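The values are calculated or read from the model by the stated rules, or taken from the named source; none is laboratory data. Computed from a prediction, not measured in an experiment: that's the story for all the values here. Ideal geometry is used to build each Cβ from the backbone, glycine not excepted, and the neighbour counts take in all protein chains shown. For accessibility, only protein heavy atoms count, side chains too; no ligands or nucleic acids. Shrake-Rupley method; radii C 1.70, N 1.55, O 1.52, S 1.80 Å.
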Amino acid sequence: MTARSGRWIQQWDPEDETFWNRTGEKIARRNLFFSVLSEHIGFSIWTMWSVLVLFMGPEYGLTPADKFLLTSMVTLVGAVVRVPYTFAVAVFGGRNWTVISAGLLLVPTVAAFAVMEPGTSFSTFLLVGLLAGIGGGNFASSMTNINAFFPLRKKGWALGLNAGGGNIGVPVIQLAALAIIGASGGPRVLLGIYIPLIVVAAVLAALYMDNLASVKNDTGAAKDAARDAHTWIMAFLYIGTFGSFIGYSFAFGQVLQNQFDRTPLEAAYVTFIGPLLGSLIRPVGGSLADRYGGSRITLWNFVAMGAATSVLIVASMQKSLALFTVAFVVLFVLTGLGNGSTYKMIPGIFQAKARAKGLAGEEAAAYGRRLSGASMGLIGAVGALGGVGINLAFRQSFLSYGSGTGAFVAFLACYAVCFAVTWAVYLRRPAARPTDTDAAPEEKSQLSYANV
């Protein structure tokens, strides 16, 4: 391993166990830690409107439909910016882009601080909310960067920890809001606390993170990933897991307010629990996928998500707050578990494709890193769009039926389709051939997908 000015590492081979044990693991873990810190704050800024809207009472002049529309648009921007954020790592370097993307979080935070008061127009709140969406992009660049640092055998754990540490930014800002706004500190006090934290995250990234020269700007990888059917299949599955997590994170408190007449503080007291547990369990999902295969864990996780959603439908129809809250928290936990297992599948799928092409060793590993890194931005972006759909579904359900029951029925159908796709593509084995050598490359690849 050699380095040059600007903290660039010229040679990086995590699949070499000697290199990994001697120097690679220490460097990778250090970059993982500071990547998690920056991504964590990014998630907090992205989802700050999920708690701000709870405390925007009648004096702000916003209807429940306005609030669902606002959070939908914030989620939309966070999904869209994930694509350019993914490829920014190759252009600027992982360390350099972490510094830039962390610094950019000052824009929506300062803007929200400036406008957060009664009398501000809905269009102004909507514009400032759109700015907060850039916090969602930090996830994509962080995952792409960390994916390059770790060997395949460690990716499930590393990506799960990286994403889980970022996801936990959701309950943290919700808890902070409960403590600060609930104590009559006001939304501006909450926003003011995050401004110096953003500066600290950017400075620490500049001091302690590294760029990998091997992660070069490769537009061909982006095109290859976009042309690969598995990129879009995994994006769909990620809608079911992460789309649910981020969508429910924005909507949970509003559903409690509008369907069960909870006050802002009563809603805030329980809103953070689901995202917190869902974030903490994400590394567990990655570790289970490392051990048993991501496709198997993902398949049965969708079964469990369907069961939890069925309970939510019953609780919603019976207006049982206790059952509704417990089932919603369980569903949050399952979304986190599925987030970890689906992201573990991505590098495994492209590694399987490399083997099907006859590649081996470092050549196969390089192929897998190239396409999995490029595909993560697209998968993360499309998956986050599920959060948009969830908030719009809740908005329409409350407008049409006065409750979220109709939305939950739609979500149940979505999880059923996700289950069917996971089984059909990654676990259903094709008809047996006399020998493996008689199978077409894509069939050989499919035979091994059950282990991804």
**OP:** Could you identify the single residue in 177, 202, 148 that is crowded, with 18+ Cβ neighbours inside 10 Å, in contact (Cβ under 8 Å) with a residue 60 or more places away in the chain and either of a type in the set (Lys, Arg) or closer than 14 Å to residue 39 by Cβ (or both)?
**Re:** 202
**OP:** Would you tally the residues in the range 309-326 being in a helix (DSSP H, G or I) and open to solvent by 10 Å² or more (accessible area, probe 1.4 Å)?
**Re:** 11
Original post:
Restricting attention to the range 231-274, and to residues there that are buried (at least 24 other Cβ atoms within 10 Å of the Cβ) and among the small types (Gly, Ala, Ser), which single residue is farthest from residue 77 (Cα to Cα)?
Top reply: 274
Subject >> Only listed residue being touching a helix residue (DSSP H, G or I) at 6+ places or on another chain (Cβ under 7 Å) and under 28 Å from residue 151 (Cβ atoms), chosen from 253, 274, 293 >> reply: 293
Original post:
Does any residue in the range 103-127 that is within 16 Å of residue 46 (Cβ to Cβ) come within less than 6 Å, Cβ to Cβ, of a residue that is among the hydroxyl-bearing types (Ser, Thr, Tyr) and open to solvent by less than 70 Å² (accessible area, probe 1.4 Å) six or more places away or on a different chain, and which pairs are these?
Top reply: 109/194
Original post:
Considering only helices (runs of 4 or more DSSP H) fully contained in the range 142-250, which possess at least 2 residues that are closer than 30 Å to residue 8 by Cα, in contact with a Cys (Cβ under 7 Å, 6 or more places away or on another chain) and not β-branched (Val, Ile, Thr)?
Top reply: none
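Each row is one residue, and each column tells you yes or no for (1) of a type in the set (Phe, Trp, Tyr); (2) assigned to a helix (DSSP H, G or I).
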| site | (1), (2) |
| --- | --- |
| 252 | yes, yes |
| 258 | no, yes |
| 262 | no, no |
| 266 | no, yes |
Original post:
Where residues in the range 388-434 are assigned to a loop (DSSP other than H, G, I, E, B) and open to solvent by 60 Å² or more (accessible area, probe 1.4 Å), which of them is modelled with the highest pLDDT?
Top reply: 428
Subject >> Criterion (more than 15 Å from the chain's Cα centre (by Cα), hydrophobic (A, V, I, L, M, F, W, C) and more than 30 Å from residue 426 (Cβ to Cβ)) met by exactly one of 229, 205, 222 >> reply: 205
Original post:
Of these, 210, 290, 228, which one is among the charged types (D, E, K, R), in contact (Cβ under 8 Å) with a residue 24 or more places away in the chain, under 29 Å from residue 94 (Cβ atoms) and open to solvent by 40 Å² or more (accessible area, probe 1.4 Å)?
Top reply: 290
**OP:** Kindly check whether there is at least one residue in the range 250-269 that is within 30 Å of residue 427 (Cβ to Cβ) and out of contact with any Gly (no Cβ under 6 Å at 6 or more places or on another chain).
**Re:** no
